[in-house]
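The values are calculated or read from the model by the stated rules, or taken from the named source; none is laboratory data. All of these numbers come straight from a predicted model, not from anything done at the bench. Please note: Cβ atoms are built from the backbone with ideal geometry, for glycine as well, and neighbour counts cover all protein chains shown.
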Amino acid sequence: MHIHTHPLTSRKMVTWMSVLFMFGASCFAIASIMFLLPKQDADFWNKIYFVGSIPFTSAAFLQLLDATNQEGQSWKLMAYRPQNRGYMAGLTQWLGTILFNFNTYDATLQLTWLQDDFAVWTPNMVGSILFLISGYILLKEIGFTFSISNKSNLSVWINMLGCVTFMISAVASIYLPIELGSWVTNLALVNTLAGALCFFTCAVLSYQEVHKKG
């Protein structure tokens, strides 16, 4: 994910967020690749998705905490600052990651197709929508400008691409009483992989940027 920094964001904070996002994205990418291969251990790799969702949520919360406590604001663990775009982007992203925690955990259970739709697909869809909202807020923050030489700007666009691919994956992951073609499953997996690589790249760019300044 793109790491949105603020005037008081510390180098240490960005480092932790970057590493956590990279670890989570790596888990999602590896699990997606393994599912695209024949004869995979579905139970094991579903658990890897869940493991990867935890650092995603941890990093997203650190980002939200960072946006919550800026200059001129009393320190709070949680607050609501709707006028702060960086905060709103962090909030929607964090809520999305929480839904992915539920979605990936429920995917490790033995459920009926209807239960899967409610416990796995629905939080996946809502979480992906929240990611899209977060990505849009960040694009609005930079005025929808594009600069390949500006790593922070580039990271926002790569982040949005990751949000779009996660959304495509979520739509293709619906559970039905009839068996869908393997291409539908592969479409979901390829887009999950693409999204994970986008978010990994964003985290790397943020890490490089903050250490370059340091």
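Considering only region 156-214, how many residues are in contact (Cβ under 8 Å) with a residue 60 or more places away in the chain and not in a helix (DSSP H, G or I)? Going through region 156-214 one residue at a time, the tally reaches 4. Within region 171-183, the set of residues being at pLDDT 95 or above and surrounded by fewer than 17 Cβ atoms within 10 Å (Cβ to Cβ) comprises V171 only. Being more than 20 Å from D43 (Cα to Cα), among the polar types (S, T, N, Q), assigned to a helix (DSSP H, G or I) and in contact with a Leu (Cβ under 9 Å, 6 or more places away or on another chain): is that true of S147 here? Spelling it out, it is not the case that S147 is more than 20 Å from D43 (Cα to Cα), among the polar types (S, T, N, Q), assigned to a helix (DSSP H, G or I) and in contact with a Leu (Cβ under 9 Å, 6 or more places away or on another chain). Of the residues making up region 68-117, those that are in contact with a helix residue (DSSP H, G or I) (Cβ under 9 Å, 6 or more places away or on another chain), in a helix (DSSP H, G or I) and either more than 16 Å from F56 (Cβ to Cβ) or among the charged types (D, E, K, R) (or both) are T68, R85, G86, Y87, M88, D106, Q115, D116.
Residues in region 128-150 that are under 14 Å from W94 (Cα atoms) and of a type in the set (F, W, Y): F131 only. The single residue among F146, F118, F61 that is within 30 Å of I178 (Cα to Cα) and either of a type outside the set (A, V, I, L, M) or under 12 Å from the mean Cα position of the chain (by Cα) (or both) turns out to be F118.
Does A203 count as at pLDDT below 95 and not hydroxyl-bearing (S, T, Y)? Criteria met by A203. Residues in region 69-93 that are of a type in the set (S, T, N, Q) and over 21 Å from I142 (Cβ atoms) were compared, and the one that is modelled with the lowest pLDDT is Q73. If you filter region 17-51 down to residues that are among the polar types (S, T, N, Q) and touching a residue at least 60 places away in the same chain (Cβ under 8 Å), you find that the one that is nearest to A188 (Cα to Cα) is S32.
For the structure I just gave you, tell me whether L109 is loosely packed, with under 15 Cβ neighbours inside 10 Å and within 22 Å of G24 (Cβ to Cβ). Judged against the criteria, L109 is a match. Condition check: of a type in the set (V, I, T), surrounded by 13 or more Cβ atoms within 10 Å (Cβ to Cβ), touching a residue at least 24 places away in the same chain (Cβ under 8 Å) and more than 16 Å from G195 (Cα to Cα). Does T92 satisfy that? Here the answer is yes, as T92 does meet what is asked. Could you grab me the full set of residues in region 112-170 that are modelled with pLDDT under 95, of a type in the set (G, A, S) and over 20 Å from A196 (Cα atoms)? Matches in region 112-170: G143, S147, S149.
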